[in-house]
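Following: one structure in structure tokens, then a few remarks.
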Amino acid sequence: MNRQIRLVSRPQGMPTTAHFDVTDAPMPAMGDGDVLRRTLFLSLDPYMRGRMSDAPSYAAPVNLGDVMCGHTVSEVVESRHPAFQRGDIVAGYDGWQQFAAGPAKDLRKLALDGLSPSTAIGVLGMPGLTAYVGLDDIGQPKAGETVVVSAASGAVGSVVGQLAKIRGCRAVGVAGSRDKCGYVVDTLGFDACVNYKTDDLVPALKAACPSGIDVYFENVGGAVFAAVLDVLNRGARIPLCGMISQYNATEPPGGPNLRALLVTRALLKGFIVSDHYDRFPGFLTEVTPLVRAGRIKVREDIVDGLDAAPAALIGLFEGRNFGKMLVRVSDSGQ
Ligand SMILES: NC(=O)c1ccc[n+]([C@@H]2O[C@H](COP(=O)([O-])OP(=O)(O)OC[C@H]3O[C@@H](n4cnc5c(N)ncnc54)[C@H](OP(=O)(O)O)[C@@H]3O)[C@@H](O)[C@H]2O)c1
């Protein structure tokens, strides 16, 4: 049987596990040229909240009754395509299920060479590419500048700050606990980290950024964004990557006062990583060796078993994850 998790209703506000249904379906049928694979890891990402809603967005929602979408790393069980063999490890977009079958063109064969397969959907996958594209293309960091990133201990933020250090910048994180801030500075090598839940934001940002903020990589919105605007330097750049504090809002948020953008002549630019997959080869060429060499450190928060996915997704919106949120769906070679 093929265990699957389907979306069965659309949340207003914070999702609950009742919006999902766990079912056991028959094994998927294979056609000519298809590859059958078993999911090893499923990535859980904040964008999934958008797919649960039918409000207009940049991507279509998951239909009610359909298997939830998501990036996956899988092991090939059977192949009817010459480019894939049983045992190959592949990255795909198979969603919240134990098995999937479909055309080989939807899969990317991984050459892991000792890296965990999970890295292909984390630091060396969509979240890592998001950090790379947003920081370099919109942030355009120059050595000696100060880069601030929110959700700093997470999948995207942790790569932004570490890349900023590699680009010769001062890297400052904003995160939601003492443990996360400690990790960001002591393990990831950021220069400072502000705890947005306990620190007085503007003075804390001013202390952490004595030369002001040149790049603010925005992941959260709300009060953090408002405070950053008070510390922006002239000509600052703001890659607008995400606003997770608003994803479950039921009322329109009161926006920060954008006058600071006018005064500082700052650039604010939204981006969606799926428009930038042409950058994937260049990203892998630069970042894979950095991960191998330990210059970019990786922390994963892995829950076991597909049934744990709904609660773990909800945890992203409560800051319960510490690092890239993943589900271990099955073990290799089962
Ligand atoms: N534009 C794109 O194409 C693109 C692609 C990927 C991701 N993103 C965005 O990037 C951001 C980070 O994603 P990720 O995958 O790296 O997730 P993540 O940072 O690994 O996990 C989400 C984190 O967000 C923080 N958070 C949750 N609710 C919050 C709130 N109300 N206020 C402030 N912080 C809150 C929590 O950290 P704390 O405990 O520190 O609060 C939580 O751990 C999200 O906004 C996501 O939508 C955008």
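Inside segment 1-20, can you point out the residues that are within 16 Å of Gly70 (Cβ to Cβ), of a type in the set (D, E, K, R) and under 24 Å from the mean Cα position of the chain (by Cα)? Arg6 - this is the single residue of segment 1-20 that is within 16 Å of Gly70 (Cβ to Cβ), of a type in the set (D, E, K, R) and under 24 Å from the mean Cα position of the chain (by Cα).
Looking only at residues in segment 115-133 that are more than 12 Å from the ligand (Cβ to nearest atom) and in contact with a helix residue (DSSP H, G or I) (Cβ under 8 Å, 6 or more places away or on another chain), the one that is nearest to Pro210 (Cα to Cα) is Leu124. Scanning segment 21-72 for residues that are closer than 27 Å to Thr119 by Cβ, over 17 Å from the mean Cα position of the chain (by Cα) and not hydrophobic (A, V, I, L, M, F, W, C) yields Pro28, Asp34, Arg37, Arg38, Thr39. In the set (1) in a loop (DSSP other than H, G, I, E, B); (2) modelled with pLDDT of 95 or more; (3) away from the ligand (no atom under 14 Å from the Cβ), the condition left unmet by Thr288 is number (1).
State whether one or more residues within segment 254-262 are part of a helix (DSSP H, G or I), closer than 28 Å to Ser74 by Cα, more than 17 Å from the chain's Cα centre (by Cα) and away from the ligand (no atom under 16 Å from the Cβ). Scanning segment 254-262, I find no residue that is part of a helix (DSSP H, G or I), closer than 28 Å to Ser74 by Cα, more than 17 Å from the chain's Cα centre (by Cα) and away from the ligand (no atom under 16 Å from the Cβ), so the answer is no. Does Lys197 satisfy the condition of being crowded, with 20+ Cβ neighbours inside 10 Å, among the charged types (D, E, K, R) and within 12 Å of the ligand (Cβ to nearest atom)? Criteria not met by Lys197. Restricted to segment 1-96, the set of strands (runs of 3 or more DSSP E) holding at least 2 residues that are touching a residue at least 40 places away in the same chain (Cβ under 8 Å) and of a type in the set (Asp, Glu) comprises 72-79.
If you filter segment 291-334 down to residues that are more than 14 Å from the chain's Cα centre (by Cα) and near the ligand (Cβ under 10 Å from one of its atoms), you find that the one that is nearest to Pro46 (Cα to Cα) is Glu318.
On the stretch given as segment 193-221, residues that are within 22 Å of the chain's Cα centre (by Cα) and over 17 Å from Val156 (Cβ atoms) total 3. Among the conditions (1) at positive phi; (2) near the ligand (Cβ under 8 Å from one of its atoms), Tyr247 misses just one, which is (1). Against the criterion of being over 17 Å from the mean Cα position of the chain (by Cα) and either within 16 Å of the ligand (Cβ to nearest atom) or farther than 21 Å from Leu115 by Cβ (or both), Leu268 qualifies. Looking at the structure I just gave you, is Thr250 of a type in the set (Val, Ile, Thr), free of Cβ contacts under 8 Å to residues at least 24 places away in the same chain and surrounded by fewer than 18 Cβ atoms within 10 Å (Cβ to Cβ)? So Thr250 fails the test. From the set of residues in segment 134-152 that are surrounded by fewer than 24 Cβ atoms within 10 Å (Cβ to Cβ) and among the hydrophobic types (A, V, I, L, M, F, W, C), which is nearest to the ligand (Cβ to nearest atom)? So, considering only residues that are surrounded by fewer than 24 Cβ atoms within 10 Å (Cβ to Cβ) and among the hydrophobic types (A, V, I, L, M, F, W, C), the one nearest to the ligand (Cβ to nearest atom) is Ile138. Scanning segment 97-114 for residues that are in contact (Cβ under 8 Å) with a residue 40 or more places away in the chain and surrounded by 15 or more Cβ atoms within 10 Å (Cβ to Cβ) returns Gln97, Gln98, Phe99, Ala100, Ala101, Gly102, Ala104, Leu107.
Of all residues in segment 153-166, those that are more than 8 Å from the ligand (Cβ to nearest atom) and touching a strand residue (DSSP E or B) at 6+ places or on another chain (Cβ under 8 Å) total 5. Tell me, which residue of segment 22-53 that is more than 29 Å from Val123 (Cα to Cα) and charged (D, E, K, R) is surrounded by the fewest Cβ atoms within 10 Å (Cβ to Cβ)? Here the residue is Asp32.
The values are calculated or read from the model by the stated rules, or taken from the named source; none is laboratory data. Note that the coordinates shown come from a computational prediction; the quantities given were computed from them, not determined experimentally. Neighbour counts are summed over all protein chains in view; Cβ atoms, including those assigned to glycine, are modelled from backbone coordinates with ideal geometry.
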